[in-house]
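Colleague: One structure follows; several queries about it will come next.
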Amino acid sequence: MKAPIRLLPGAIADLFAQVSHSGRVTLADQYGLMAALLEDSLTEEERASIDRLLYACRRRKMRIVDELSVLS
């Protein structure tokens, strides 16, 4: 039996701020975004934040890195 995916309140806003500041999307960020999208209970603001991150990656304003965390 799979455990339900539950995001912490404000997780998308924190992730958006951290990625915007660092300019890098880590593996942990990618999994967080995937979990958020699979939860299917995002607010319009959270969905818009994810759309902005994806757009920035597509426009090469942010880099997708193969690291677990920005701190490593």
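Colleague: List every residue whose amide H lies under 5 Å from the amide H of Val25, counting only residues 5 or more places away in sequence or on a different chain, with H placed 1.01 Å from N in the peptide plane.
Modeller: Sorted by chain and number, the residues that satisfy this are Arg63, Ile64, Val65.
Colleague: A further question follows. Hey, what number do you get for the chain at 222 nm if only DSSP H runs of n ≥ 4 count, each worth -39500 (n - 2.57), divided across all residues, to the nearest 500?
Modeller: Taken over the chain, the calculation gives -17500 deg cm²/dmol.
Colleague: How big is the range 12-62 on each of its three principal axes, counting only the C-alpha atoms and giving the largest first in Å?
Modeller: If we take the Cα atoms of the range 12-62, the spans are 27, 19, 18 Å.
Where a number appears in this text, it was derived from the coordinates with a stated rule and is not lab data. Note that the structure is predicted; figures quoted are calculated from it, not measured.
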